[in-house]
Amino acid sequence: MSVEKRFEALMMMSDELKRTGVIDRDEWRELAEEASAFYAHAVEGLEGGP
């Protein structure tokens, strides 16, 4: 699975958890930040960064 697809899947899962009331807005934001950090780190690795 590509980095973009993994990011999209993580975001869709966090959206669904929020929609169903399993998590609140603050928890959703935390998951979104973690997904974004994963994406940035993965892209950096693909580009040959440190």
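As an exercise: evaluate GLY45 against (1) surrounded by 10 or more Cβ atoms within 10 Å (Cβ to Cβ); (2) within 14 Å of the chain's Cα centre (by Cα) and give the number of the one condition it does not meet.
So the condition that GLY45 fails would be (2).
Check the range 23-35 and report whether any residue there is surrounded by 12 or more Cβ atoms within 10 Å (Cβ to Cβ), out of contact with any Phe, Trp or Tyr (no Cβ under 6 Å at 6 or more places or on another chain), of a type in the set (Lys, Arg) and in a helix (DSSP H, G or I).
So far as the range 23-35 goes, yes, one or more of its residues are surrounded by 12 or more Cβ atoms within 10 Å (Cβ to Cβ), out of contact with any Phe, Trp or Tyr (no Cβ under 6 Å at 6 or more places or on another chain), of a type in the set (Lys, Arg) and in a helix (DSSP H, G or I).
Inside the range 15-42, can you point out the residues that are at pLDDT 95 or above and either over 11 Å from the mean Cα position of the chain (by Cα) or small (Gly, Ala, Ser) (or both)?
Passing the criteria: GLU16, LEU17, LYS18, ARG19, THR20, GLY21, VAL22, ILE23, ASP24, ARG25, ASP26, GLU27.
Considering GLU16, GLU34, which residue is acidic (Asp, Glu), touching a Leu at 6+ places or on another chain (Cβ under 9 Å) and without any contact (Cβ under 8 Å) to a residue 40 or more places away in the chain? If you could, list the steps in order and put the result at the bottom.
Working: GLU16 fails: touching a Leu at 6+ places or on another chain (Cβ under 9 Å).
The conditions single out GLU34.
The values are calculated or read from the model by the stated rules, or taken from the named source; none is laboratory data. Everything quoted here is computed from the prediction, not taken from an experiment. Positions of Cβ are generated from backbone atoms using ideal geometry, with glycine treated the same way; all protein chains shown enter the neighbour counts.
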